[in-house]
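**Q** Here you go, one structure.
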Amino acid sequence: MSRIILAPMEGLADNILRDCLTQIGGIDLCVTEFIRVTTQLLPPKVFHRLCPELANGCKTPAGIPVRIQLLGSDPEALAANAVRALELGSPGIDLNFGCPAKTVNRSQGGAVLLQEPKRVAHIIATVRHAIGDDAWLSAKMRLGFATKDLALENAQRIQGAGANELTVHARTKVEGYRPPAHWQWIKKIRQVVEIPVIANGEVWTPQDYAACRKASGSEDVMVGRGLVWKPDLALQIRHQRAGQPVQEWSWPALVPTVLYFIDLVDAQVAVKFQDARVKQWLKLLGRVYPQANACFEQGKRLKTLNELRSLVIHSQ
């Protein structure tokens with residue numbers, strides 16, 4: 001059965017949102033926001049901060065597995081931290097070669113490494129050697145940095161260095177998040193590697209999902225912003241694949257999840273950051289749900305969660 005995987009979105013897809021989205025259903029696997037590795041072996045508290053699910057068998061409260069993602073360019077440091085992540089309970093390691101952020105790329109992390117396929121392979125091989133043959137190792141890449149010229153070589157070297165699986169965000173770093181996603185390039189990559197290739201990019205609807213699978217040939221699809229804007233998207237996709245009527249959730253149906261989100265923020269986020277965290281999701285939900293946008297607009301200057309909670313309750 002094909003999987004729907006929640007993408008690792010920095011500053012957005014934290015354990016709170018992972019909890020909310022997996023409670024709704026349809027998601028088979030989550031990947032954490034990246035843990036940035038420089039030259040040091042990080043203490044366990046860093047892993048637990050970005051992946052609190054480690055205390056629950058590395059699963060969300062809904063029972064969905066969570067895989068830790070690492071980002072960096074120092075092979076030995078990445079290897080040591082991969083070993084630690086596995087010892088702490090992660091069911092596998094994902095290595096990030098896709099982040100387009102300028103600050104990350106300036107420090108030789110993320111998509112900038114795709115300009116040097118041999119370096120990418122050396123990182124993968126070093127981590128593989130450290131964690132052993134039996135541990136699960138995946139990688140996420142874009143089609144390249146400025147061009148797609150090295151896409152096939154990068155994929156082949158990732159496979160050759162020992163990765164079990166590859167996720168491809170079907171755009172270059174320079175293309176950022178601008179549509180379209182070049183799903184046909186994923187098919188080209190699949191033709192030159194034997195490991196599973198997960199498709200990623202521009203999946204906003206069940207129709208996009210079907211088109212992505214058809215163009216890429218991939219069984220599994222990773223979805224990011226589409227699930228943040230439309231939290232029931234994975235369920236819609238499941239219903240479509242089962243030949244069942246696709247019924248989109250109304251705003252009143254989603255309100256209990258938003259209130260649950262607010263409660264989690266209240267319990268887990270420092271007070272000075274709480275209102276911004278809630279407003280962030282309301283703003284993104286507002287792209288689909290007018291009521292969420294109204295809550296965001298009315299709540300811009302509000303500072304307490306009780307005020308924001310009241311807005312959401314009365315928006316139904």
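**Q** Does GLY144 fit the bill of being farther than 30 Å from GLY25 by Cβ and touching a strand residue (DSSP E or B) at 6+ places or on another chain (Cβ under 6 Å)?
**A** Here the answer is yes, as GLY144 does meet what is asked.
**Q** Looking only at helices (runs of 4 or more DSSP H) that lie completely in region 39-153, which have at least 1 residues being more than 17 Å from the chain's Cα centre (by Cα) and aliphatic (A, V, I, L, M)?
**A** 44-50, 75-88, 117-131
**Q** Just give me the residues in region 124-181 being in contact with an Asp or Glu (Cβ under 7 Å, 6 or more places away or on another chain) and of a type in the set (Val, Ile, Thr), in sequence order.
**A** The one that is in contact with an Asp or Glu (Cβ under 7 Å, 6 or more places away or on another chain) and of a type in the set (Val, Ile, Thr): THR126.
**Q** Moving on to the next point. Scanning for something outside the structural domain of LEU166 (by TED's automatic domain parsing) and within 19 Å of the chain's Cα centre (by Cα), does region 245-264 turn up at least one residue?
**A** Looking through region 245-264, at least one residue is outside the structural domain of LEU166 (by TED's automatic domain parsing) and within 19 Å of the chain's Cα centre (by Cα).
**Q** Moving on to the next point. Say whether the condition of being surrounded by 16 or more Cβ atoms within 10 Å (Cβ to Cβ), under 19 Å from GLY110 (Cα atoms) and either in contact (Cβ under 8 Å) with a residue 60 or more places away in the chain or in the same structural domain as TRP204 (by TED's automatic domain parsing) (or both) is met by at least one residue in region 15-22.
**A** No: zero hits.
**Q** Counting only residues that are touching a helix residue (DSSP H, G or I) at 6+ places or on another chain (Cβ under 7 Å) and among the hydroxyl-bearing types (Ser, Thr, Tyr), which one in region 182-216 is farthest from ALA242 (Cα to Cα)?
**A** The extreme case among them is SER216.
**Q** Looking at region 180-206 only, could you name the residues that are farther than 20 Å from LEU6 by Cβ and not β-branched (Val, Ile, Thr)?
**A** PRO180, HIS182, GLN184, TRP185, LYS187, LYS188, ARG190, GLN191, GLU194, listed by residue number.
**Q** Can I ask one more? Looking at region 23-45, I want the residues that are surrounded by 13 or more Cβ atoms within 10 Å (Cβ to Cβ) and have a partner that is among the aromatic types (Phe, Trp, Tyr) with Cβ atoms under 7 Å, at least 6 apart or on another chain. Which pairs are those?
**A** Between residues of region 23-45 that are surrounded by 13 or more Cβ atoms within 10 Å (Cβ to Cβ) and residues that are among the aromatic types (Phe, Trp, Tyr), the close pairs are ILE35/PHE47.
**Q** Okay, next question. Which of the residues belonging to region 165-182 are under 18 Å from the mean Cα position of the chain (by Cα) and crowded, with 16+ Cβ neighbours inside 10 Å?
**A** Within region 165-182, GLU165, LEU166, THR167, VAL168, HIS169, ALA170, ARG171, THR172, LYS173, ALA181 qualify.
The values are calculated or read from the model by the stated rules, or taken from the named source; none is laboratory data. All figures in this text were calculated on a predicted structure; none of them were measured in a lab. Using ideal geometry, Cβ is built from the backbone for each residue, glycine included, and neighbour counts are taken over all protein chains shown.
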